[in-house]
1. Go through (1) assigned to a strand (DSSP E or B); (2) more than 30 Å from residue 153 (Cα to Cα); (3) modelled with pLDDT of 95 or more and name the single condition residue 40 misses.
2. Mind listing just one residue for me: the one in the range 88-98 that is exposed (fewer than 15 other Cβ atoms within 10 Å of the Cβ) and assigned to a strand (DSSP E or B) and, of those, farthest from the chain's Cα centre (by Cα)?
3. Read through the list (1) closer than 20 Å to residue 129 by Cα; (2) at pLDDT 95 or above, then give the number of the only condition that residue 73 fails.
4. Would you say residue 138 is outside the structural domain of residue 170 (by TED's automatic domain parsing), surrounded by 18 or more Cβ atoms within 10 Å (Cβ to Cβ) and assigned to a strand (DSSP E or B)?
5. May I ask you to list the residues in the range 162-178 that are over 18 Å from residue 125 (Cβ atoms) and at pLDDT 90 or above?
6. Select from the range 99-130 the residues that are farther than 26 Å from residue 143 by Cα and exposed (fewer than 13 other Cβ atoms within 10 Å of the Cβ) and write down the one among them that is modelled with the lowest pLDDT.
7. Can you report the number of residues in the range 164-181 which are surrounded by 14 or more Cβ atoms within 10 Å (Cβ to Cβ) and in contact with a strand residue (DSSP E or B) (Cβ under 7 Å, 6 or more places away or on another chain)?
């Protein structure tokens, strides 16, 4: 037996470990991004596939008609809220793109009300120009005029149409006043 056999084996082992690390660092290891849409059919997603480890990946979500994008979920926890999100990938990612209907948003996320009661109505629909916003339209009842949108008691806009970010605003009030004759 060669007197340096164990030292040679250690050196070869270290060399092999360094070589594997360099290959991984240079992107030789592929990792996967899988995306599920919840509920099924609620939207379209981009970004699934196999990527070199360490690469920047961009995922995108676009809601189908009647839905609004709400969040990206990883391992049951919120991963991101923007419909387009970039990150460096180092390991396999199983993601969920969660979409909600307007009714779900109004029931769970945002409260919309009218004051005084019966003075008008508010129509709400998804905002086509941004996947995670909604459009609120105030409609004055007979003998009333629209005065503005308030959030937490603060006037934020006096136009009858307001675009709300579903991740920021929680209580939106359409304020009306009786018309002066």
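The values are calculated or read from the model by the stated rules, or taken from the named source; none is laboratory data. Just so it is clear, the model here is predicted, and its values are computed rather than measured. Glycine gets a Cβ as well: all are built from the backbone with ideal geometry, and neighbour counts include every protein chain shown.
1. Failing condition for residue 40: (1).
2. It comes out as 88.
3. (1)
4. In short, no.
5. 171, 173, 175, 176, 177, 178
6. 107
7. Qualifying residue count, the range 164-181: 9.
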